[in-house]
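The values are calculated or read from the model by the stated rules, or taken from the named source; none is laboratory data. Remember, it's a predicted structure, so these values are computed and weren't measured experimentally. A quick note on method: Cβ atoms are made from the backbone with ideal geometry, for glycine too, and the neighbour counts reach across all protein chains shown.
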């Protein structure tokens, strides 16, 4: 009987956690180019830690090709560092060397729990968007 109670508590907790929304950040990627095999690009891979970030109109000195758009949207308690780290991780997964034209904006998001309309809160979420690029040889 004790095992059943512990299992029930764990299962119920996981269910409730999965029914929440708006508390965690998320990153999206939209490709601009499907096949870069014909391009003269640097084929080296970069870890997320070594992805370069360029804000606003600052660009790298090397030539590059634009791979896709990346957008990192904050959850209710996300930090700027978490958002930029998530952006770098996604860029690395997509084979990029850097993210350029990064801009910070905000948008209204909601957080709460499903099936509990009293828990819904609106908040201003930070949004970082930019373009993932791969360097030319």
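Name the one entry in 34, 62 that is in contact with a strand residue (DSSP E or B) (Cβ under 9 Å, 6 or more places away or on another chain), more than 30 Å from residue 119 (Cα to Cα) and either assigned to a loop (DSSP other than H, G, I, E, B) or at pLDDT below 80 (or both).
Just a single option satisfies the conditions, and that option is 62.
Residues that are at pLDDT below 95, within 20 Å of the chain's Cα centre (by Cα), part of a loop (DSSP other than H, G, I, E, B) and more than 19 Å from residue 134 (Cβ to Cβ): does region 38-55 have at least one?
No, that holds for no residue.
Is there a residue being within 24 Å of the chain's Cα centre (by Cα), in a loop (DSSP other than H, G, I, E, B) and either modelled with pLDDT under 80 or more than 21 Å from residue 100 (Cβ to Cβ) (or both) anywhere in region 12-22?
Looking for residues that are within 24 Å of the chain's Cα centre (by Cα), in a loop (DSSP other than H, G, I, E, B) and either modelled with pLDDT under 80 or more than 21 Å from residue 100 (Cβ to Cβ) (or both), one finds at least one in region 12-22, hence yes.
Is there any pair with a first residue in region 37-56 that is on the phi > 0 side of the Ramachandran plot and a second that is surrounded by 13 or more Cβ atoms within 10 Å (Cβ to Cβ) and not in a loop (DSSP other than H, G, I, E, B) whose Cβ atoms are under 8 Å apart and which are 6 or more apart or on different chains, and what are they?
56/101; 56/102
Do you know which residues across region 76-99 are over 24 Å from residue 43 (Cα atoms), in contact with a strand residue (DSSP E or B) (Cβ under 6 Å, 6 or more places away or on another chain) and outside any loop (DSSP other than H, G, I, E, B)?
Result: 83, single match.
Can you find a residue in region 115-124 that is assigned to a loop (DSSP other than H, G, I, E, B), loosely packed, with under 12 Cβ neighbours inside 10 Å and out of contact with any helix residue (DSSP H, G or I) (no Cβ under 8 Å at 6 or more places or on another chain)? Break it down into steps so the answer makes sense when it comes.
Step one: list which residues in region 115-124 are assigned to a loop (DSSP other than H, G, I, E, B), which gives 115.
From what's left, loosely packed, with under 12 Cβ neighbours inside 10 Å: 115.
Adding the requirement that they be out of contact with any helix residue (DSSP H, G or I) (no Cβ under 8 Å at 6 or more places or on another chain) leaves 115.
Checked region 115-124: at least one residue is assigned to a loop (DSSP other than H, G, I, E, B), loosely packed, with under 12 Cβ neighbours inside 10 Å and out of contact with any helix residue (DSSP H, G or I) (no Cβ under 8 Å at 6 or more places or on another chain).
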